[in-house]
């Protein structure tokens, strides 16, 4: 174990990044917490392990990650601040995010409530749509690569095997097995990958959040990879019956093995997710687990979904590096292929020579669709040694009440019984009775709940603000009153809460308008489309002002106005007073701003000031004033402050007190009077010393010699006795 070789704790990289502690260790890199001494902030530094520095493939992958993330700028993607590709050290400096991984959160909660799962999924999809729009496919979406902040926001990270879809479109076999529980079938086979590859992995993540289980688990990664290729997962609602049907349909569609049957983009999945959030009781038209036997009836709508042409594979010219990469991938692919053949061959032998011969003890599920539930229950003696039924009631317009309209597993499927020797089959039966939802609008919720209970429905209250209905009373129901609805099914009851729903305004400073819009929408706020550009030293297009301060509470759907930088330093005008000396007559005053003459004027030298209008930009602009060629005043002006600030002032307008030390009292007074200082007083300075300090000479003076002082200043002289 060579842990110490990688330990950079206590070191400073490039004189800037002070490594503090290890945050995590991955397959090819170690992530450290560091402090950026220049930008004064904590950062995460991902350093490629030393044994991989000589491996061109790992160096290329490491560069791919930095290239991929550097192209991205999104609130739900970890930012990259800096990269280094040295011969002896390669690292990426990223945004430091405090929180836990989504995997850790799932392990803590086991099953995540569906509303919370939808909240997380929405953010993940927004991040992926942003990446896909810029040609970046993540290819390793899993809960371990998704960070959950304390605020509930999501950050997608670790683009270690990301591919730029414009240049590299096929996987390498050994990389595909890295996160085998979440990889798509096309990754397991080493086929073409694109944005739909990430959609499959998102579906697996959603499945795990909703059920607390992975859809496929086995003793080896090869076995899991085979299941990804061949096996259908259990329906999520079989694991957790609290999952709404519409959300189950979204999960299953995202996890379709054929990429053409999945959502074709993150945006398309987001549209269905928004529909579901608006109406959690929604049922989508598509359906899966379709019986592939010839006797199965498939509606025209379903048939159209199963016959869509596959997405065309783009062709690209390969350069020498790509050709070399593919040549290295051949032995890896052959190894995986041989492993798959061995596993499949062993499974075939086990099937043929297992109990019962030929087909072993597997049971071919018969067709129950079209039969009545009562008929199946009446034939219990015929089935109880083979099947264990689970009846689920729902609505279906193609079959009569009480008739099975769908089943799982599908008819004709070959299924291995459980430990008790029984095959578990879920039968979907048309609800016997549909009853119309009663009108409970305007009723107190408790009264409405009682009425819905009596009618055979399950009321689910949702708080909502409205000015039109008294607090505590029902605004509306979903389904609406008078709508036929199956018994024992949820009816959403919207109850007036009397309070304006508020949300916290996010900090938009430093983001661009697109990211600000997404941030505001996630907080249920709106961005004012009228965006003004103003002078600012910030990067062009970045937000420098917002109408509502961050973290303030505002009503939902409040419109937030922003201003963005045009990349130009702001020009500020203000008036500044320049002091003048006190002399007889006048003089020629010249004023310079950053070395440029901006004013030339004759002024009266009366000891007053001269006010000049200055216009400038930037943090450190020099101002100088000369009188008859001699500098009398200088300072530094910060035009970025509001109002501008003045520092480093040097005022040479006052006269200088002459040196009269050692002179006789009469000589000293004469010199001071000639210099313009008329108010001179003398005091005793003690006993003098012959020769060195004879009596009658000046011992000290105040103010001291060389001091600038107005002519009205009193000069005090100490005279030796």
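Within segment 522-535, if we keep just the residues that are within 20 Å of the chain's Cα centre (by Cα) and at pLDDT 90 or above, the residue that is surrounded by the most Cβ atoms within 10 Å (Cβ to Cβ) turns out to be 525. The residues on offer are 614, 588, 597, and the sole one that is modelled with pLDDT of 90 or more, in contact with a strand residue (DSSP E or B) (Cβ under 9 Å, 6 or more places away or on another chain) and surrounded by 14 or more Cβ atoms within 10 Å (Cβ to Cβ) is 614. Suppose the filter is crowded, with 16+ Cβ neighbours inside 10 Å, within 26 Å of residue 281 (Cβ to Cβ) and touching a helix residue (DSSP H, G or I) at 6+ places or on another chain (Cβ under 6 Å); does residue 506 pass it? Taking the combined requirement at face value, the residue does not satisfy it.
Of all residues in segment 648-670, those satisfying the criterion of being surrounded by 15 or more Cβ atoms within 10 Å (Cβ to Cβ) and part of a helix (DSSP H, G or I) are 665, 668, 669. Scanning segment 414-462 for residues that are in contact with a strand residue (DSSP E or B) (Cβ under 9 Å, 6 or more places away or on another chain), more than 21 Å from residue 497 (Cβ to Cβ) and assigned to a helix (DSSP H, G or I) gives 453, 455.
Criterion applied to 696, 607 was being at pLDDT below 85 and touching a strand residue (DSSP E or B) at 6+ places or on another chain (Cβ under 8 Å), and the one residue passing it is 607. Consider segment 536-557 and keep the residues that are in contact (Cβ under 8 Å) with a residue 40 or more places away in the chain and surrounded by 14 or more Cβ atoms within 10 Å (Cβ to Cβ). The one that is farthest from residue 116 (Cα to Cα) is 537.
Looking at 117, 131 in this structure, which one is under 14 Å from the mean Cα position of the chain (by Cα), outside any strand (DSSP E or B), buried (at least 16 other Cβ atoms within 10 Å of the Cβ) and modelled with pLDDT of 85 or more? Can you show your working first?
Details: 117 fails: under 14 Å from the mean Cα position of the chain (by Cα).
After ruling out the rest, the residue left standing is 131.
Are any of the residues in segment 515-530 without any contact (Cβ under 8 Å) to a residue 12 or more places away in the chain, touching a strand residue (DSSP E or B) at 6+ places or on another chain (Cβ under 6 Å) and more than 18 Å from residue 439 (Cα to Cα)? Yes, segment 515-530 contains a residue that is without any contact (Cβ under 8 Å) to a residue 12 or more places away in the chain, touching a strand residue (DSSP E or B) at 6+ places or on another chain (Cβ under 6 Å) and more than 18 Å from residue 439 (Cα to Cα).
The values are calculated or read from the model by the stated rules, or taken from the named source; none is laboratory data. What you see is a predicted model; the values in this text were computed from it and never measured. Backbone-built Cβ (ideal geometry, glycine too); neighbour counts: all protein chains shown.
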